[in-house]
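Student: Encoded as structure tokens, here's the structure I'll be asking about.
The values are calculated or read from the model by the stated rules, or taken from the named source; none is laboratory data. Since the structure is predicted, the reported quantities are computational estimates derived from the model, not experimental observations. Cβ placement follows ideal geometry from the backbone for every residue including glycine, while neighbour counts extend to all protein chains displayed.
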């Protein structure tokens, strides 16, 4: 596979994983999936299945397919099919699937082979599905799901050809993305089959990314020289995971004039999703009639993904332009000359270069929302494992920070949030109630801009720092000197020293001595600093 295709696949997977993680967290909080959430997860899993199949990651495709089948049942019968007592198990199961996808994507990013060991996860999905599924006559979930995903399109008569009169108009799943690359893969598969002569519209799907827009609106048109060639290619079309629907069209010798459709294939050879299309071919549009418009979509921002290296190169060029502008306008050769027009033009040039510099710098700025949202999952998982009910409040998610800094602070923030859960929030709700607190712990993750700086705070309302315990541990580890009097601030700074941990036993989350010193180092590497404030019994910031 080409690097461009792999980059597009990984970007799509990571983006959709963040979306589905957020959806499941919201649903778990509400105790149920809404109809829109069910539809969205079904769509995402369908996209996972198709994209992974195209990239030949069969284990990812299989898991996505099984989760998709599960959500087809939920979509068909609503959440009423799942008793309230089973819903926590459903949420845990989907989170396990998300973790599987995320782990495999990370392997792909690191050029490691994906796992084939998916039997345990498939068994869990199958076991849960068996609890809620009631067998009904009339097809399997996969066929019904494909039929439900089918969408119609404009008539294909305008794409007729006398040389290739037997056509198939193929539609891919709505919103699946990379339609031109999916079409290119389809063409290659049919070409390798060697069934007979054919062509396609658009014909430049391998070189022109803009052909994707044509495919979304009109479908991908495959035209064959003979009916036998088309028949031979149909299994490839119907077996392509991202094909949602298709129409067959036959054209008479006079180009553009539809001929009677070919005899339909026997019922047992036709997939369920195909039958409605063959029984009622779409009528050709009348002459002069307006072209059928695609279904209205939700309004959304126009975004483009750009390689970070290109932005860095742009920043370097802009920096050189600014320097060159200063060299020209402040040249000593111009001293003593009366150049009114030049002075006016140079002021305008300075204004434009300043604007160019501001805009180019803003291109690297991204909101911290994606990083903050990841922390919800961490708090959720630790709350369950540690049996400490805790909520995470996010403040200032729209605050923008340089992309490099956002990437660098993700791990430090995660470590601090884990510390707040493991060390800060009290183990028992009774302890919190006795201290006059809400039985549910609270962590606030906030970001705000102050002048030219961004302040990120992690605040918990837990037990706070115990100065005596910290100082005693520092003395035992040789970090503090006996007989020296340390201030509260000095004692808190021991928490930032290498190897320091107040946990007496190693757990999944702490006790290994790899702690806040790494956080401090990572933050300082991007020009930041770490400070700690705390009051015993009140929490820590």
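Student: Which of the numbered conditions does residue 502 fail, given that it passes all the others? Conditions: (1) at pLDDT 85 or above; (2) surrounded by 15 or more Cβ atoms within 10 Å (Cβ to Cβ).
Tutor: Among (1) at pLDDT 85 or above; (2) surrounded by 15 or more Cβ atoms within 10 Å (Cβ to Cβ), residue 502 violates only (1).
Student: Out of the stretch 326-361, which residues are surrounded by fewer than 10 Cβ atoms within 10 Å (Cβ to Cβ) and within 30 Å of residue 413 (Cα to Cα)?
Tutor: Within the stretch 326-361, none qualify.
Student: Only one of (1) within 30 Å of residue 311 (Cα to Cα); (2) touching a residue at least 24 places away in the same chain (Cβ under 8 Å); (3) touching a strand residue (DSSP E or B) at 6+ places or on another chain (Cβ under 7 Å) is not met by residue 455, so which one is it?
Tutor: (2)
Student: For residue 448, all conditions in the list (1) on the phi > 0 side of the Ramachandran plot; (2) in contact with a strand residue (DSSP E or B) (Cβ under 8 Å, 6 or more places away or on another chain) hold save one; what is the number of the exception?
Tutor: If we test residue 448 against (1) on the phi > 0 side of the Ramachandran plot; (2) in contact with a strand residue (DSSP E or B) (Cβ under 8 Å, 6 or more places away or on another chain), just (1) comes out false.
Student: Working carefully through the options 350, 388, 380, find the one that is closer than 27 Å to residue 93 by Cβ, touching a residue at least 24 places away in the same chain (Cβ under 8 Å) and assigned to a helix (DSSP H, G or I).
Tutor: 380
Residues are listed down the side, and each one gets a yes or a no for (1) touching a helix residue (DSSP H, G or I) at 6+ places or on another chain (Cβ under 6 Å); (2) at pLDDT below 50; (3) in the same structural domain as residue 52 (by TED's automatic domain parsing):
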position	(1), (2), (3)
223	no, no, no
229	no, no, no
233	yes, no, no
237	no, no, no
287	no, yes, no
294	yes, yes, no
339	no, no, no
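Student: Next question. Within the stretch 411-449, can you find the residues that are in a strand (DSSP E or B) and surrounded by fewer than 21 Cβ atoms within 10 Å (Cβ to Cβ)?
Tutor: Residues satisfying the conditions are 442, 444, 446, 448, 449.
Student: Taking the stretch 188-246, which residues are within 27 Å of the chain's Cα centre (by Cα) and either in a strand (DSSP E or B) or within 18 Å of residue 162 (Cα to Cα) (or both)?
Tutor: Once the filter is applied, which keeps residues that are within 27 Å of the chain's Cα centre (by Cα) and either in a strand (DSSP E or B) or within 18 Å of residue 162 (Cα to Cα) (or both), the stretch 188-246 yields 220, 243, 244, 245.
Student: Within the stretch 317-333, can one find any residue that is without any contact (Cβ under 8 Å) to a residue 12 or more places away in the chain, more than 21 Å from residue 405 (Cα to Cα), not assigned by TED's automatic domain parsing to the domain that holds residue 14 and not in a helix (DSSP H, G or I)?
Tutor: yes
Student: Would you mention how many residues in the stretch 1-33 are closer than 24 Å to residue 244 by Cα and in a loop (DSSP other than H, G, I, E, B)?
Tutor: Looking only at that region, the number is 1.
Student: Return yes or no: is residue 404 exposed (fewer than 15 other Cβ atoms within 10 Å of the Cβ), out of contact with any helix residue (DSSP H, G or I) (no Cβ under 7 Å at 6 or more places or on another chain), assigned by TED's automatic domain parsing to the domain that holds residue 533 and more than 30 Å from residue 92 (Cα to Cα)?
Tutor: yes
Residue-by-condition table, conditions (1) closer than 21 Å to residue 378 by Cβ; (2) in the same structural domain as residue 382 (by TED's automatic domain parsing); (3) over 31 Å from the mean Cα position of the chain (by Cα):
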site	(1), (2), (3)
420	yes, yes, no
427	yes, yes, yes
433	no, yes, yes
438	yes, yes, yes
443	yes, yes, no
446	yes, yes, no
450	no, yes, no
453	no, yes, no
459	yes, yes, no
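Student: Would you confirm whether any residue within the stretch 518-535 is modelled with pLDDT under 75 and more than 15 Å from residue 459 (Cα to Cα)?
Tutor: No, the stretch 518-535 contains no residue that is modelled with pLDDT under 75 and more than 15 Å from residue 459 (Cα to Cα).
Student: Just wondering, is there one or more residues in the stretch 84-104 that are over 22 Å from residue 377 (Cβ atoms) and at pLDDT below 90?
Tutor: yes
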